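Only the coordinates and a few stated rules stand behind these numbers; no lab work does. Here the structure is a predicted model, which means the values were calculated and not measured. Please note: Cβ atoms are built from the backbone with ideal geometry, for glycine as well, and neighbour counts cover all protein chains shown.
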Amino acid sequence: MSVEPGWQGRFFEDFEIGAIYQHPLGRTVTENDNTWFTLLTMNTNQLHFNSQYAAKSEFERPLVVSTLTVAIAVGQSVTDLTQNAVANLGWDDIRMTHPVYAGDTLWSESLVISKRESKSRPTAGVVTVKTRTLNQDGKEVCSFLRTFLVHKQGAEQVRDIFPVGEVPLTAEGQQ
């Protein structure tokens, strides 16, 4: 029997300038997502949680709070980009280019625009990507630049992190 590791994420060496990663999971935003995130973050703009108020706006219905859209976009990218990150270093040029409503399904993709060795950490590198988020109709709803510090392959911090079971996993007795 062999142990096959699951997806380990990308390391600094795996990133190539010009590569585009279409992040695999779409996410449909619900009215509850929007209300909870709005209240959790203390955003008191009624355009996000008051249907009667929003009906009088040019949008005619509540908008998904923009920081939830950014949070979903970043979350969607973790599997491809920052599974092995040391830290986020910054977000720049954040653009909200189309309204998002409850019921919209969001998809994100990222383009690697630069990478360099870290000057202070020999086991990591700095990567910058441009991420954009599309709705179900292919309209771009959000875009931003994101820079992060990511471990190199073999970095001590990401080695042997899966615990060893007290009892080995076997197929014995299973049918």
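A few comments on the model shown:
- Other-chain or far-sequence residues with amide H under 5 Å of VAL86's (modelled H): LEU149, VAL150, HIS151
- Estimated [θ] at 222 nm from DSSP helical runs (n ≥ 4, -39500 (n - 2.57)) normalised by residues in the chain, nearest 500: -4500 deg cm²/dmol
- Candidate values (1) 68, 35, 31; (2) 62, 51, 30; (3) 44, 38, 31 were compared with Cα extents along the principal axes in Å computed on the shown model; the agreeing label is (2).
- Near LEU40, once Lys and Arg are set to +1 and Asp and Glu to -1 for all other residues with Cβ below 15 Å from its Cβ, the sum equals -2.
- Positive dipole terminus of the range 6-93, leading residue within SER57, ALA87, VAL29 (C-beta point charges): SER57
- Across the chain, the longest run free of exposed loop sites, meaning GluC sites (Glu not before Pro) lying outside DSSP classes H, G, I, E and B with no more than 14 other Cβ atoms within 10 Å, spans 61-165.
- Those trypsin sites (Lys or Arg not before Pro) in the range 100-150 that DSSP places in a loop and that have at most 11 other beta carbons within 10 Å: LYS119
- Under 10 Å, Cβ to Cβ, from GLN22 - net charge with Lys/Arg +1 and Asp/Glu -1: -2
- The range 1-108: trypsin sites (Lys or Arg not before Pro) in DSSP coil with no more than 16 other Cβ atoms inside 10 Å: LYS56
- Neighbourhood charge, 12 Å Cβ-Cβ cut-off, centred on LEU145 and excluding it, Lys, Arg +1 and Asp, Glu -1: +2
- For the range 1-96, a Kirkwood radius taken over Cα pairs fed into Stokes-Einstein (37 °C, viscosity 0.692 mPa s) yields D = 201 µm²/s.
- Cα long-axis angle, helix 31-40 against the chain (0 to 90 degrees, to the nearest 10): 80 degrees
- Each Cα pair under 8 Å and six or more residues apart adds its separation to the average, and for the range 1-99 the resulting relative contact order is 34 percent.
- Cβ-Cβ FRET estimate between ILE20 and LEU47, R0 fixed at 35 Å, reported to 0.05: 0.55
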